[in-house]
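Every read-out reported here was derived from the displayed coordinates using simple, explicitly stated rules and does not represent laboratory data. Given the structure is predicted, the values throughout are model-derived calculations rather than measurements. When we count neighbours, we look across all protein chains shown, and the Cβ atoms used for this are built from the backbone with ideal geometry, even at glycine.
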Amino acid sequence: MKPGRILSGMRPTGRLHLGNHVGALENWVRLQDEGWANFHMVADWHMLTTGHEDTSRLQSDTYEMVVDWLAAGLDPKRSVIFVQSAVKEHAELHLLFSMLVTKARLERVPTLKEQIRDLHLDEQTISYGHLGYSVLQAADILLYKATHVPVGEDQVPHVELTREIARRFNFLYCRDREPVFPEPEAQLTQFPRLRGNDGNRMSKSAGNALMLAASPEEITAYVRAAYTDPKKARANDPGRPEPDERDGHGGCVVWEYHRKFNPEGAAEIARQCRAGELGCVPDKQHLARVLSEALAPIRERRQRWAADPDAVRDVVADGNRRARAVAERTMDDVRAAMGLRSTAEVTP
Ligand code: TRP
C-alpha cells in the first residue's frame with residue numbers, strides 16, 4: 001500500500017500497558033518506519049467528555065503517556081507528536097462539523113451506548129460535549145486530511161462517522177471546487193487485542209495490566225500469576241493451549257503471549273504442552289525471559305527520555321508547532337469553501 005497520512009490519538013491515561021502497545025502503539029511505530037506521514041495526538045479534550053470535574057491528572061498523564069510513546073519507538077523527527085488542546089483549530093472545526101450531524105445520529109453511535117452501559121450513566125445526564133465525542137474525533141482526523149486512521153475495532157464507528165461528515169462537507173461546500181477532505185479509512189491492527197494474565201481484556205482499571213516499562217522482576221511475577229488450562233493440574237497432564245475451535249473462547253494466555261512474542265518457538269511449545277511434555281512452571285519461566293528481552297529496548301528508551309523532561313517538553317512543543325501549521329492551512333480551505341472570513345474584516 002502506498003503510504004498516506006496517518007492521524008491517531010489516545011486519551012491521556014498516564015503510563016501505558018502492554019495491551020496499548022500491542023493494540024495500537026506497535027502499529028504506529030511500524031507505519032512510521034514504513035514512511036507514512038504520522039500525526040500522533042494526545043486527546044486531552046476527549047478526556048473531559050467522561051471526566052471534566054477532576055482535571056488534576058491531565059498534565060502528568062499526558063507527560064507520562066508521551067514518554068511511553070517515545071519509549072515504544074516513535075521518533076519525533078519522523079512523527080509529529082502533539083496535544084489536542086494546543087491546536088485550537090480542533091475546536092473550530094468541531095463547531096463547524098457539529099452543524100453537519102444530527103443529534104439522532106450521534107445517539108446511535110455504538111461507543112456512546114457502550115459507555116452509557118459500562119459507566120452506568122443515565123442517558124438524560126449525558127453532556128452536550130460527551131454526545132459530540134465522535135464529532136470532535138472527526139475534526140481531529142480531518143484537520144490533518146488524514147487518509148488512514150490506525151485504530152482498534154471499537155473505534156471503527158467513529159471513523160465511519162468521520163467519512164460521513166467529510167462527504168457531507170464536500171457535497172455542501174465544494175461543488176465548484178476541489179473537495180477539501182479525503183474520506184479516511186480505519187486501519188485495523190493485525191494482532192487482536194492482548195488479554196491480561198487473568199484472561200480478560202487488559203486494562204488499568206481491571207487491575208490486570210502489565211505496564212510497558214515493567215522491570216524483569218515485575219514481568220516474572222506477572223507471568224507467574226497467569227491463568228493457564230485449569231485441567232492441566234500436574235506438569236505432565238496434557239494441556240490445551242489453543243482457544244476452542246468452535247467459538248474461539250478460552251485458550252491459554254501464556255500460549256497467546258508466546259505466539260505474539262516468540263512466534264518461531266510457539267508451535268513447538270504448543271506441541272509439548274498438548275503432549276504433556278511441558279509443565280506450566282517452566283513454560284512461564286521461559287515466557288518471562290522472552291518478554292523481558294522483547295521489552296528491554298522499550299525499558300531502556302523510557303529511562304533515557306524520563307531522565308530528560310526538558311527534551312520531552314521540546315518534542316511536544318515542536319510537534320504542536322508542526323501540527324498547528326497543517327491545521328491552519330486546512331482551516332483556510334474550510335473557511336474559503338464555506339464562505340467564512342479568515343480575518344476580522346467586514347466587507348460589503
Ligand atoms: N477515541 C479514541 C479512543 O478512545 C481516541 C481518539 C481521539 C482518536 N481522537 C482520535 C483516535 C482521532 C484516532 C483518531 O481511543
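Of the three principal axes defined by the Cα atoms of segment 1-87, the extents in descending order read 43, 27, 20 Å.
Sorting MET41, MET331 by the number of Cβ atoms found within 10 Å of their own Cβ, with the fewest placed first, yields MET331, MET41. Packing, taken as the mean count of other beta carbons within 10 Å per residue, orders the peptides 111-124, 294-307 from highest to lowest as 294-307, 111-124. In the elastic network of the chain, a GNM with C-alpha springs shorter than 10 Å, the most mobile of SER127, SER98, SER205 is SER205. Of ALA146, ALA71, ALA206, the residue with the greatest mean-square motion in the GNM of the chain, using alpha carbon springs below 10 Å, is ALA206. Among ALA225, HIS258, PRO297, whose Cα projects farthest towards the positive end of the dipole of segment 216-305, with charges put on the beta-carbon of Lys, Arg (+1) and Asp, Glu (-1)? Selected residue: PRO297. Beta bridges assigned by DSSP with both partners in the chain are antiparallel in approximately 10 percent of cases. A simple charge model with +1 on the Cβ of Lys and Arg, -1 on the Cβ of Asp and Glu and nothing else charged puts the dipole of the chain at about 300 debye relative to its Cα centre.
Think of segment 201-330 as a dipole: +1 on every Lys or Arg Cβ, -1 on every Asp or Glu Cβ, centred on the Cα centre; then among ALA270, HIS286, ALA307, ALA307 lies furthest on the positive end.
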